[in-house]
There are 2 protein chains.
Amino acid sequence: MRASERAYTALREDIIEWRLLPGTVLAEVEQSERLGVSRTPLREALGRLTAEGLTTAGGRGVVVTDISLEDIDELFELREILEGKAAALAAVRGDPSIFTRLQHELLRAPELLSGEDPARHDYYALVNQLDDALDAAITNSYLAQAMRSLRVHLVRVRRLASDDVARLCAAAAEHAAIAEAIAAGNSRLAEAATTVHLHRSLSHIKATHREENHG
Amino acid sequence: MRASERAYTALREDIIEWRLLPGTVLAEVEQSERLGVSRTPLREALGRLTAEGLTTAGGRGVVVTDISLEDIDELFELREILEGKAAALAAVRGDPSIFTRLQHELLRAPELLSGEDPARHDYYALVNQLDDALDAAITNSYLAQAMRSLRVHLVRVRRLASDDVARLCAAAAEHAAIAEAIAAGNSRLAEAATTVHLHRSLSHIKATHREENHG
DNA sequence: ATGGAAGACAGTGTATACAGAGAAGGTGAT
DNA sequence: ATCACCTTCTCTGTATACACTGTCTTCCAT
């Protein structure tokens, strides 16, 4: 694996997992020594992170981007636009059998969550399958690219919320509803189901965020 | 100005103006010598171009991205999603007086086009003002960023179409209609006017593109 | 004549050295 | 004591040298 790739992956993980907090300055010599790569591949990694919006190159050095509550609102506003339309397009263009299968698997998600995996690996893999199926069904690389770039920030926000089993079960049911609507070819229902899901996710995130601030 | 910035700007111009055609391989040594910069800043420029989608880093070297007719359809599909919603949001959140002023200036656009500027500089500056006003009005940096990244590709496509005065006058009238709807606070009308405008633009581009292929 | 292997070459990926700019701290003068 | 200026240091931006990988060509053997 290339050194720049390693540096990029490591820094991205550190930012998403909130080990590198917003406002942290990523000095080139410091980070290159920490990650065991030279400055050149590190600069490439920082460039990619800045292009994704995880860092900003304003003035002196590269700084980890902050995510405020207003940012989360804006993030979900765009998410609703993109994913709502994507679900509608998938309902028209997608292969129903794929989404029917995903719907049934999502309805069995509570079984996955009762397992002892603290990282909920199987659960998130299943949700990623739905995302991938959406990307493939819409047959629009620009839209898919826009959604991919948003998901990076979303994962970062998600780490702020408490992933309790109750919410994840509810989210799986909402995902199943989206898959069902797509499989049925009902674009308006698919878009509506996506809107509902995103609003519930946002409410959950905000609620847990408020709790943390008051705790 | 930094060398990497110069290289980025020059390459970007060359790609947008179709001086570097799709499929061209941008070898590092070759381009660094041509642009008079070292390989290091050139690599940074290529990285930014690749992040924007103007080039791809697949396998051997960096290659200028191709734009097919299907790509244009996908591009405008996403554009309609983003700009339609942006117009609707601007109608709710924007300052009406700004868009009223832009509406009136756009209605006088035919005067600008009757001038002898072959680059239509004043005209495009006015259209850019509308884009900037939209960006500011929506108060959503993620949506604004998504639209900005699309506009790069749009400018590239626009260079394919013949910018005849008739079409530009019609486009100005359509822009004025969008501004009017935003100023009136009518979000549904603003979105509809945007949809109409984009469909007409797309039809025009496709028509001229067909002509060129048959000519 | 054809296939395979080896060497040369081209081109990227990485490291390091050097230069310039900006900030911080200290010192002198008022 | 405070302010201004100068020095110095640290950091980024750039250039260049080196290494490695993949490919193409050529030569030898069958």
Seminar exercise, completed: Cβ pairs under 9 Å, 6+ apart or interchain, first in the stretch A:13-26 and at positive phi, second part of a strand (DSSP E or B) and surrounded by 15 or more Cβ atoms within 10 Å (Cβ to Cβ), ordered by first then second residue, are A:G23/A:V63; A:G23/A:V64
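On the basis of being in contact (Cβ under 8 Å) with a residue 24 or more places away in the chain and among the hydrophobic types (A, V, I, L, M, F, W, C), does B:V37 make the cut?
Yes: the conditions hold for B:V37.
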For this session: Kindly check whether there is at least one residue in the stretch B:93-111 that is more than 14 Å from DNA strand C (Cβ to nearest atom), within 14 Å of chain A (Cβ to nearest Cβ) and under 30 Å from A:A136 (Cβ atoms).
Result: no
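Report whether or not A:E83 is out of contact with any strand residue (DSSP E or B) (no Cβ under 8 Å at 6 or more places or on another chain) and more than 13 Å from DNA strand C (Cβ to nearest atom). Outline the logic, then answer.
On the way: out of contact with any strand residue (DSSP E or B) (no Cβ under 8 Å at 6 or more places or on another chain): yes; more than 13 Å from DNA strand C (Cβ to nearest atom): yes.
Spelling it out, A:E83 is indeed out of contact with any strand residue (DSSP E or B) (no Cβ under 8 Å at 6 or more places or on another chain) and more than 13 Å from DNA strand C (Cβ to nearest atom).
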For this session: Could you tell me which of the residues B:L49, B:L11, B:L20 is at pLDDT 95 or above, surrounded by 13 or more Cβ atoms within 10 Å (Cβ to Cβ) and within 14 Å of chain A (Cβ to nearest Cβ)?
Result: B:L49
Problem set entry | Meets criteria (more than 26 Å from B:T139 (Cα to Cα) and more than 9 Å from every other protein chain (Cβ to nearest Cβ)) for A:R39 | yes
Seminar exercise, completed: Residue set A:S203, A:S149; condition surrounded by fewer than 14 Cβ atoms within 10 Å (Cβ to Cβ) and assigned to a helix (DSSP H, G or I); output residue A:S203
For this session: Answer yes or no: is there a residue in the stretch A:48-61 that is among the polar types (S, T, N, Q), touching a helix residue (DSSP H, G or I) at 6+ places or on another chain (Cβ under 6 Å) and assigned by TED's automatic domain parsing to the domain that holds A:N128.
Result: no
For this session: Give the number of residues within the stretch A:1-41 that are among the polar types (S, T, N, Q) and either in contact with a Phe, Trp or Tyr (Cβ under 6 Å, 6 or more places away or on another chain) or more than 8 Å from DNA strand C (Cβ to nearest atom) (or both).
Result: 3
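Suppose the filter is loosely packed, with under 15 Cβ neighbours inside 10 Å, within 23 Å of B:A51 (Cβ to Cβ) and assigned by TED's automatic domain parsing to the domain that holds B:L154; does B:D117 pass it?
Against the criterion (loosely packed, with under 15 Cβ neighbours inside 10 Å, within 23 Å of B:A51 (Cβ to Cβ) and assigned by TED's automatic domain parsing to the domain that holds B:L154), B:D117 does not qualify.
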Problem set entry | Given (1) assigned to a helix (DSSP H, G or I); (2) away from chain A (no Cβ under 14 Å); (3) over 16 Å from B:L82 (Cα atoms); (4) not aliphatic (A, V, I, L, M), index of the condition B:S162 fails | (1)
Problem set entry | Filter result (within 12 Å of chain A (Cβ to nearest Cβ) and within 16 Å of DNA strand D (Cβ to nearest atom)) within the stretch B:56-88 | B:A57
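Matching residues to (1) more than 18 Å from A:D131 (Cβ to Cβ); (2) in the same structural domain as A:A88 (by TED's automatic domain parsing); (3) at pLDDT 95 or above:
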{"site": "A:M147", "(1), (2), (3)": "no, yes, yes"}
{"site": "A:R158", "(1), (2), (3)": "no, yes, no"}
{"site": "A:D164", "(1), (2), (3)": "yes, yes, no"}
{"site": "A:A173", "(1), (2), (3)": "no, yes, yes"}
{"site": "A:E180", "(1), (2), (3)": "no, yes, yes"}
{"site": "A:A184", "(1), (2), (3)": "yes, yes, yes"}
{"site": "A:T194", "(1), (2), (3)": "no, yes, yes"}
{"site": "A:R200", "(1), (2), (3)": "no, yes, yes"}
{"site": "A:H209", "(1), (2), (3)": "yes, yes, no"}
Seminar exercise, completed: Conditions (1) assigned by TED's automatic domain parsing to the domain that holds A:Y142; (2) surrounded by fewer than 21 Cβ atoms within 10 Å (Cβ to Cβ); (3) closer than 29 Å to A:A161 by Cβ -> A:L102 fails only (2)
Exercise. Has the stretch A:12-23 got at least one residue that is farther than 24 Å from B:Y8 by Cβ and β-branched (V, I, T)?
Worked result: yes
Problem set entry | Any hit, the stretch A:133-145, residues being more than 27 Å from B:D71 (Cα to Cα), away from every other protein chain (no Cβ under 14 Å) and part of a helix (DSSP H, G or I) | no
Exercise. Out of all the residues in the stretch B:42-58, which are touching a Phe, Trp or Tyr at 6+ places or on another chain (Cβ under 7 Å) and within 11 Å of DNA strand C (Cβ to nearest atom)?
Worked result: none
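The values are calculated or read from the model by the stated rules, or taken from the named source; none is laboratory data. Not measured: the values here are computed from a predicted model. A quick note on method: Cβ atoms are made from the backbone with ideal geometry, for glycine too, and the neighbour counts reach across all protein chains shown.
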